[in-house]
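Undergrad: Handing you this structure, nothing more for now.
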Amino acid sequence: MVLSLSSCGFCNILSKQFYYTGEGGVRPGKNKFELAKTPYLLKEQDLIKTNAIYQFCYSWNEKELIYQKTNCNHINAKISFIRFFKNGRFLMNDLSTGKDSLEQYNNLKSGKIGYYKIEEKELILEYYSVSHAGMASDCGKYYKDKYKLTNNGIQLQAERRSNNGLFFGWTKVENAGWYLRKNIKGLEGVPSW
């Protein structure tokens, strides 16, 4: 009976693969991040900065039925951001309209969490996510993304997805938008994951 319930999409009820924080963030039930074994320590000369967020602005194109890059000041712009910490951790989230941006940048219990490292002038992010729009059987997956680094921002170059802890090979990403660096005063907080 348990096997049939699990295969019907109740994996999180039976095994607690993930949980939600009070602020809507999703967290894995058990930390299985590969990059958590030896967290990266940010160096002064690294291009990633902790006094900034990296943002990507996009909007929904009704004609083509796709999300596309847009100006951050556009009336319908959605803003996705990544915030890095010196101890090899990062927070990834979308800004909610009508709420103070700085409070959202400093809310470490929201969004997706993960670990990063810089290797051979490339930024590698590892994070956990659950598809909210997907099937009930989605128990969450670990993701790895590889970004190009510059002084002004980061751009997705390749991605890997896991299946039960086994990562597939890197898949190249074409024409990805840039997460542009935006310096922010007042960033605070220490990640607890």
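Undergrad: State whether the residues of the range 76-90 include one that is touching a Ser or Thr at 6+ places or on another chain (Cβ under 8 Å), of a type in the set (A, V, I, L, M, F, W, C) and under 17 Å from THR50 (Cα atoms).
TA: yes
Undergrad: With respect to the numbered conditions (1) acidic (Asp, Glu); (2) without any contact (Cβ under 8 Å) to a residue 40 or more places away in the chain; (3) in a loop (DSSP other than H, G, I, E, B), which one is the sole condition not fulfilled by GLU23?
TA: Unmet for GLU23, out of (1) acidic (Asp, Glu); (2) without any contact (Cβ under 8 Å) to a residue 40 or more places away in the chain; (3) in a loop (DSSP other than H, G, I, E, B): (2).
Undergrad: Can you name the residue in the range 52-73 that is out of contact with any Gly (no Cβ under 8 Å at 6 or more places or on another chain) and under 20 Å from TYR115 (Cβ atoms) and, of all such residues, is surrounded by the most Cβ atoms within 10 Å (Cβ to Cβ)?
TA: Per the criteria, the residue is ILE53.
Undergrad: Okay, moving on. Among what's in the range 15-33 and is of a type outside the set (A, V, I, L, M) and surrounded by 15 or more Cβ atoms within 10 Å (Cβ to Cβ), pick the residue that is farthest from ASN151 (Cα to Cα). So that I can check it myself, show each step before the final result.
TA: In the first step, residues of the range 15-33 are kept if they are of a type outside the set (A, V, I, L, M); the result is 15-25, 27-33.
Applying the additional criterion that residues be surrounded by 15 or more Cβ atoms within 10 Å (Cβ to Cβ) yields 17-18, 25, 27-28, 33.
Values: GLN17: 37, PHE18: 35, GLY25: 29, ARG27: 30, PRO28: 32, PHE33: 27 Å.
If we take residues in the range 15-33 being of a type outside the set (A, V, I, L, M) and surrounded by 15 or more Cβ atoms within 10 Å (Cβ to Cβ), then GLN17 is farthest from ASN151 (Cα to Cα).
Undergrad: Scan the range 168-181 residue by residue and report those that are assigned to a strand (DSSP E or B) and loosely packed, with under 15 Cβ neighbours inside 10 Å. Spell out the reasoning first.
TA: Restricting attention to the range 168-181, the residues satisfying the condition of being assigned to a strand (DSSP E or B) are 171-172, 178-181.
Answer for the range 168-181, where residues must be assigned to a strand (DSSP E or B) and loosely packed, with under 15 Cβ neighbours inside 10 Å: THR171, LYS172.
Undergrad: Got a number for residues in the range 81-95 being among the basic types (Lys, Arg) and not in a strand (DSSP E or B)?
TA: In the first step, residues of the range 81-95 are kept if they are among the basic types (Lys, Arg); the result is 83, 86, 89.
Of the ones still in play, those that are also not in a strand (DSSP E or B) are 86.
Number of matching residues: 1.
Undergrad: With GLY165, GLY140, GLY153, GLY189 as the choices, which residue is surrounded by 12 or more Cβ atoms within 10 Å (Cβ to Cβ), within 18 Å of the chain's Cα centre (by Cα) and modelled with pLDDT under 95? Talk me through it step by step, then tell me what you get.
TA: Values: GLY165 fails: surrounded by 12 or more Cβ atoms within 10 Å (Cβ to Cβ); GLY153 fails: modelled with pLDDT under 95; GLY189 fails: modelled with pLDDT under 95.
It is GLY140.
Undergrad: What pairs come out if I take residues in the range 114-141 that are more than 16 Å from ALA36 (Cβ to Cβ) and pair them with residues that are acidic (Asp, Glu) and at pLDDT below 75 whose C-beta lies under 8 Å away, six or more apart or interchain?
TA: As it stands, the answer is VAL130/ASP138; SER131/ASP138, since those pairs meet every condition given.
Undergrad: Among (1) within 18 Å of the chain's Cα centre (by Cα); (2) without any contact (Cβ under 8 Å) to a residue 60 or more places away in the chain, where does GLU174 come up short?
TA: (1)
Undergrad: Can you confirm whether TYR128 is crowded, with 19+ Cβ neighbours inside 10 Å, assigned to a strand (DSSP E or B) and modelled with pLDDT under 95? Please lay out each step first, then the result.
TA: On the way: crowded, with 19+ Cβ neighbours inside 10 Å: yes; assigned to a strand (DSSP E or B): yes; modelled with pLDDT under 95: yes.
Judged against the criteria, TYR128 is a match.
Undergrad: Would you mind stating whether ASN93 is modelled with pLDDT of 95 or more and either aliphatic (A, V, I, L, M) or crowded, with 18+ Cβ neighbours inside 10 Å (or both)? If you could, list the steps in order and put the result at the bottom.
TA: Values: modelled with pLDDT of 95 or more: yes; either aliphatic (A, V, I, L, M) or crowded, with 18+ Cβ neighbours inside 10 Å (or both): yes.
Answer is yes for this residue.
Undergrad: Output the number of residues of the range 37-80 satisfying the condition of being in contact with a strand residue (DSSP E or B) (Cβ under 8 Å, 6 or more places away or on another chain), of a type in the set (A, V, I, L, M, F, W, C) and outside any strand (DSSP E or B).
TA: Residues flagged as in contact with a strand residue (DSSP E or B) (Cβ under 8 Å, 6 or more places away or on another chain), of a type in the set (A, V, I, L, M, F, W, C) and outside any strand (DSSP E or B) within the range 37-80 amount to 5.
The values are calculated or read from the model by the stated rules, or taken from the named source; none is laboratory data. Model, not experiment: these values are computed from the prediction. Neighbour counts run over all protein chains shown; Cβ positions are idealised from the backbone, glycine included.
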